[in-house]
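Let me begin by presenting the structure, written as structure tokens, before commenting on it.
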């Protein structure tokens, strides 16, 4: 009691039997890490660190301690100051930003596209490919498919800019299904930012298709992300928005909305609502007969 036992234990695990040895070893480690810049730690300073009021080391010292002991100061018994952010957080943030930029680039074709002839048979081609991707997902998992499926979505987005009439509408429908699959793959991989972005893409292209079933489906997709985020009220809001137009929707979409709303109700502790929604969905199962992609 009255000592910083976390730092003392880390010192002993490192093999530094005395405070004097620890101070000298850390100073030497710091000079190597900082390219021979002046870096010193006195035995008096280390003794204070192991006392009951260890204070907080400077950021440079925190980095040296982490490199030498494998733990940040807050894990070594130091008193965390307001506003402290681990240096590694900034690096992670930069990596995250680059990754998200890559996610967006896979979805968006930037700038004008030269007009081209779009054969109507391409709609069937993309639908057949999609069925194959669904099967591949069961065998491969998300990481090996994200690049392939998102690249095909980008191609669809490019073709939509030149397509006309029913061909364009068919490509928009297929594009919504591809974007939904990519969103699921990101969600399955645990990347919720990527999943949320692609769920937004799904909703946009579904609205552009003017297909009420796909618009409802895109909202269910959004609700799936909110389920994984533990936001039960948002899940219920989104699914209720889908079911407001239930009379216009095919049974498949209504069932998916009810099932997802049941997830939301479970997150908010409404057991009776969960049972009612699942019972209603079960009654609709025999009616599922549609070509929704």
Pairwise centroid distance, computed over Cα atoms, of the range 15-51 with the range 174-250, Å:
55
If one takes the longest principal axis of the Cα atoms in the chain, at what angle in degrees, from 0 to 90 and to the nearest 10, does the Cα axis of helix 271-284 lie?
30
Each label point is 7 Å from the Cα along the Cα-to-Cβ direction; what then is the distance between the points at residue 192 and residue 282, in nm?
3.1
Please give the peptides 20-27, 43-50, 131-138, 74-81 ranked by average Cβ packing (other Cβ atoms within 10 Å per residue), highest first, as a rough proxy for protection.
20-27, 43-50, 74-81, 131-138
Burial ranking of peptide ranges 53-66, 277-290 (average Cβ count within 10 Å, highest at the top)
53-66, 277-290
Taking the Cα-to-Cβ direction at residue 164 and at residue 245 and moving 7 Å from each Cα, how far apart do the two end points lie in nm?
2.8
Gain on full stretching of the segment that runs from residue 271 to residue 34 - 0.36 nm per residue minus C-alpha separation:
79.5 nm
For log10 I(q)/I(0) by the Debye sum over Cα atoms at q = 0.10, 0.12, 0.15 Å⁻¹, one of (1) -0.71, -0.82, -1.06; (2) -0.49, -0.74, -1.24; (3) -0.89, -0.97, -1.11 was computed from the structure I shared and the rest are decoys. Which label?
(1)
Given only helices, namely DSSP H runs of n ≥ 4 each adding -39500 (n - 2.57), what is the per-residue ellipticity at 222 nm of the chain, to the nearest 500 deg cm²/dmol?
-22500 deg cm²/dmol
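Readers should treat all values here as calculations from the given coordinates under stated rules, not as data from a laboratory. Since the structure is predicted, the reported quantities are computational estimates derived from the model, not experimental observations. All Cβ positions, glycine included, derive from the backbone under ideal geometry; neighbour counts span all protein chains shown.
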